[in-house]
1. Can you run phi through the Karplus equation (6.51, -1.76, 1.60; θ = phi - 60°) for region 179-188 and list ³J(HN,Hα) in whole Hz, with x for Gly and Pro?
2. For region 138-153, in order, what is each residue's ³J(HN,Hα) by Karplus, 6.51 cos²θ - 1.76 cosθ + 1.60 with θ = phi - 60°, in whole Hz (x at glycine and Pro)?
3. Could you tell me the largest-minus-smallest coordinate of the C-alpha atoms of region 96-138 on each of the three principal axes, in descending order and whole angstroms?
4. Please list, ordered by chain and number, the residues whose modelled amide H lies under 5 Å from the amide H of A281; skip anything fewer than 5 residues away on the same chain.
5. Loop sites only, by DSSP: take the chymotrypsin sites (Phe, Trp or Tyr not before Pro) in the chain that have at most 10 other C-beta atoms within 10 Å and name the longest stretch containing none of them.
6. Rounded to two decimals, what is Rg over Rh for region 209-249 when you use alpha-carbon atoms and the Kirkwood radius?
7. For A113, enumerate residues with amide H under 5 Å from its amide H, sequence gap 5+ or separate chain, H modeled in the peptide plane.
8. Taking the Cα centre of region 196-243 as origin, sum charge times position over the Cβ atoms of Lys and Arg (+1) and Asp and Glu (-1), and report the length of that vector in debye to the nearest 20.
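Rule-based calculations on the coordinates, nothing more; no lab input. All figures in this text were calculated on a predicted structure; none of them were measured in a lab. When we count neighbours, we look across all protein chains shown, and the Cβ atoms used for this are built from the backbone with ideal geometry, even at glycine.
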Amino acid sequence: MFRLAAELNLLLLALPLLLAWWWSFLSRRGQRHIWFSSRALLPAQSPKGTGAIALPPGLKPALIRLLEPLKLAALILFILALARPQRLHTYQVDEQKGMDILLTLDISGSMAAVDFKPKNRLEVAKEVIASFIEKRSSDRLGLVIFAATSYTKCPLTVDYDILKFYLQETELGELEDGTAMGMALAASVNRIRHAAAKTKIIILLTDGVNNRGEIDPRDAAKMARDFRIKVYTIGVGTRGEAPYPVLDSFGRQQYVMVNVEIDETLLQEMARTTGGLYFRATDPGSLRAIFAEIDRWEKTNIKSRSYYETTELFPWFIAAGLLFLFLVEVARRSFLRTLP
């Protein structure tokens, strides 16, 4: 890519045009004459309509006629040099402003229900969350797990591989059984509230009713609102009854149908308090669609800036012009010398 940094100087190209016209005007006013003692010295025929004797045709007269155009060409090259031709190398840099997203995952015993066949709720949730992580870029993500208590499994990080590692090793039974949504949300808020990112989000996924903990989920939601943290809540589980694995007296695994109880009213209130939304996932497809929708809404801002690196080309034009003038002067003082 090329450009002229001082293109207004191209107006000076009118000067060589005026010089060319002036030289043409002078040549039409008359021929130069040299007196000889006899016309026999110049046997060439006179040009038609003139009394002068024409120079014999040949290479040398043709080269003499090229001297003035070469000087004009040198002048044109100097004017182009004044216009500062440049070669541009363009570099485009994407500036991404990431956000902080904390994934708060319920690992209570009820997440073992197998209504998301052929896997239980927790395994399906881990797969969907892993896919969500892979679609993010330039965001810091972290993982908080909870049951009767909660703790940060992985702090906010841009190392998505280590986050997925901690996610995959999350298992049922790591914590005392129960569902302490208020404690989980409060712990998540405390983890993310000092983050430098402008946008802070918590995605809380659960399948039950708040039944443990000293902090009311509504109070935890107000804490999130005060720190300008948006909370998305997701209730997972089919409607009605779901198969739940139990061991019989012989140690064999059996499935019994248990009622699915999700406090949707509470989850909706928690999300609404912080400016987020509540979703209900009744099967693996709907859970994937929910995370895809959140991914579509909460996109990282990307700004592109173009940078230019310039290489000045005017020295080449000056060098070519000087070369033309040098050749003209050398020729006029040697093999193309003419009488004044």
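1. Coupling constants for region 179-188: 9, 10, 5, x, 5, 5, 5, 5, 5, 5 Hz.
2. Coupling constants for region 138-153: 6, 9, 8, 10, x, 9, 10, 10, 8, 8, 6, 10, 8, 7, 7, 6 Hz.
3. 40, 19, 9
4. Sorted by chain and number, the residues that satisfy this are G235, V236, G237.
5. Values: sites that count: W35, F36, F250, F335.
The reported range is 37-249.
6. Details: Rg = 16.2 Å, Rh = 13.7 Å.
Checking Rg against Rh, the ratio lands at 1.18.
7. Residues meeting the criterion, in which the H sits 1.01 Å from N, are R121.
8. So the dipole magnitude of region 196-243 works out to roughly 380 debye.
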